[in-house]
Amino acid sequence: MHVFDIIGPIMIGPSSSHTAGAARIGRITRMLLGEPVRQAHIRFHGSFAKTWEGHGADRAVIGGLLGLQVDDPDLRRSRHLAAEQGMAYDISSVQLRDAHPNTVIIEATGDSGKTVTVQAASVGGGSVMVQYLNGMEVGFSGSKTTLIIQHKDAPGAIAKVSRLLAASRTNIATMRVFREEAGGRAVMALELDSEPEETHIDALRRVPGFESVTLLRV
Amino acid sequence: MERSVTKLLTRAASLGGIAAAMREWQLRHDDTVRTVEDMDGRMRQALAVMRESVSQGLDPKTRSVSGLTGGNAAKYMAAALTGRTAGGSLMGRICARSLAVAECNAAMGRIVAAPTAGACGILPAALLTMQEEYGYTDGQLVDALYIAGAFGLIIANRASIAGAQGGCQAECGSAAGMTAAAITFLKGGSPRQQADACAFALMNLMGLVCDPVHGLVEVPCVFRNVGAVSVALSAADMALSGIDCPIPCDEVIDAMRQVGDALPSTLRETGEGGCAACPSMCKK
């Protein structure tokens, strides 16, 4: 936490957790999908489920799914923008066990038919935590530039990533790895001190067994 | 320094003020800013957004999404400018602007959380009205924002700035403490007096509960912004008068944390107690 977390963030009201956090989760989902969203199922849990209308959490998530930032005044009319841009959505509530009170599950389908499912919590002050990605337990906030790699668990995967980031002279601040089972689906989340060059990101995308490589810049 | 007012005052003594100490700390801890100019630019941007939210909130047509609040800041400002407020023009304008920013927030307008969205009216109302009244430069207001930020950071680290954790004392209370310190700085108070002003404001709002009707940041939140800014102003005035706060600021912050921990969950942003439980507010 630092001074711009206290004098800031600059955001659309009324609630840093219910509005700014919700927009951020929508935007992260859009980035993880990697293409414009055609359809989204939005399910609110807990306090989100009780107050989404009055806090504009629905408009915030929809705006985020359209790629809007947390301080974009267009968040207010995001439902209208969704209609204009041909993004269909539905909103419902869900009761989850052992989930943070401000949790939302978003299932998004893109132009190409690709889908992504994100379960994330808005943990306060506009900060968020992605807890499940496509059903797999993860944990990343997107507060720094973050590289998310979905891949097949295999020896040497981490070495390939660190080699390409070193070639790009990008320092890794933190790194976490998650997997379903040995040899199964896996996710790497790397917080970076700077943005790697596009050519190195492309090289990562070509690594066999790497299904999806996303650079989150929330 | 980020956890202790005592250490902040020591740094301030060697660097020539709390704003300088905060800038120096921030430059070392935030890897997204490279220079003091970058940082000051971001603060100026925050100041510009604060100005916009004041004018948006003063529009009599402002209404929240739920329809519970809006349009009252315009009434307050009109009363303040025509001599109908008991507290006089300066106090009236400060309070009206505090309400304006809070109503702008409730209406999904753009605001600067300071330290939170629910308490976003207090700091901008005081700084911008002080500028109008006494002619401070934007540069002085930017220094005041760093000072407010320094106290807010310590409160966040030692206690809490989240209503769900510490009640409204953590939101409007913290904002009042930060604002009291900033006002004291603008009026020429020493770093020690700025810390005393912060302590007075926190002391006077200690125990304030978070009880939003229907769980929304509206009733009583927007009105509490008015209450908190008036507490900030009197806290600053006590310090500026030479009244020493008998309890050191760090200890008041620690007490605030203990009080927050002792609050039942019905009074910590669940919408189940306090104003939220009043019979006329429970009807849909």
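Can you give me the C-alpha center-to-center distance between the range A:76-92 and the range A:176-194, rounded to a whole angstrom? The range A:76-92 and the range A:176-194 have Cα centres spaced 32 Å from each other. Taken along the Cα-to-beta-carbon direction at a fixed 7 Å, the label points for A:Thr199 and A:Arg97 span 5.2 nm. Interface burial in the range A:2-21, defined as at least 50 Å² less accessible area with all protein chains than with the chain alone at a 1.4 Å probe, covers A:His2, A:Val3, A:Phe4, A:Ile6, A:Ile7, A:Ile10, A:Met11, A:Pro14. Close amide-amide hydrogen proximity is noted between A:Gln131 and A:Gln119, A:Ala120, A:Ala121, each under 5 Å apart and 5 or more residues distant or on a separate chain (H modeled in the peptide plane; Pro and chain starts excluded).
Carbon-plus-sulfur fraction of the accessible area of the protein assembly as shown, 1.4 Å probe, in percent?
51
Restricting the calculation to Cα atoms, the range A:3-140 yields a radius of gyration followed by a Dmax of 13.5, 42 Å.
For the range A:60-69, putting each phi into the Karplus relation 6.51 cos²θ - 1.76 cosθ + 1.60 with θ = phi - 60° gives couplings of 5, 4, 4, x, x, 5, 7, x, 6, 7 Hz, in residue order, rounded to whole numbers and with x for Gly and Pro. Here, the range A:146-216 has an Rg and a Dmax of 11.2, 32 Å when only alpha carbons are counted. Provide the buried accessible surface between chains A and B in square angstrom, both chains summed, 1.4 Å probe, rounded to the nearest 100. Chains A and B together bury approximately 2700 Å².
Taking every protein chain into account, the accessible area of the range A:146-216 amounts to 52 square angstrom per residue (probe 1.4 Å). Spatially, the range B:172-234 and the range B:42-100 are offset by 17 Å when compared through their Cα centroids.
Modelled label positions at A:Ala83 and B:Gln258, each set 7 Å beyond Cα in the direction of Cβ, lie 5.7 nm from each other. Listed as lacking a disulfide-compatible partner in chain B: B:Cys95, B:Cys104, B:Cys120, B:Cys172, B:Cys198, B:Cys221, B:Cys245, B:Cys249, B:Cys275, B:Cys278, B:Cys282, by the criterion of no other cysteine Cβ under 4.7 Å.
For a label point 7 angstrom out from the Cα of B:Lys61 toward its Cβ, which stretches of the range B:102-125 have the backbone nitrogen within less than 18 Å? Counting backbone N atoms under 18 Å from the label point, the list is B:103-110. In the protein assembly as shown, the DSSP beta bridges split such that about 85 percent are antiparallel, to the nearest 5. Solvent exposure of chain B, expressed per residue, is 37 Å² of accessible area, with all protein chains present and a 1.4 angstrom probe. Per residue, the convex hull spanned by the Cα atoms of chain B measures out at 122 cubic angstrom. The contact residues of the range B:49-69, meaning those that lose at least 50 Å² of 1.4 Å-probe accessible area when all protein chains sit together rather than their chain alone, are B:Val65.
Could you check the spin-label model distance between A:Thr115 and A:Ala167? Points 7 Å from the Cα along Cα→Cβ, value in nm. Each label point lies 7 Å from its Cα, and together they span 3.5 nm.
The length gained by stretching the chain between A:Glu35 and A:Glu107 to full extension, at 0.36 nm per residue less their Cα-Cα distance, is 24.5 nm.
So if I take the centroid of the Cα atoms in the range B:105-155 and the same for the range A:2-23, what is the distance between those two points in Å? Rounded to whole Å, the Cα centres lie 14 Å apart. Annotation: Cα Rg of the protein assembly as shown relative to the compact-globule expectation 2.2 N^0.38 Å equals 1.00.
The values are calculated or read from the model by the stated rules, or taken from the named source; none is laboratory data. All figures in this text were calculated on a predicted structure; none of them were measured in a lab. All Cβ positions, glycine included, derive from the backbone under ideal geometry; neighbour counts span all protein chains shown. To get the accessible areas, we keep the full protein, side chains included, count just its heavy atoms, and leave off ligands, DNA and RNA. Shrake-Rupley method; radii C 1.70, N 1.55, O 1.52, S 1.80 Å.
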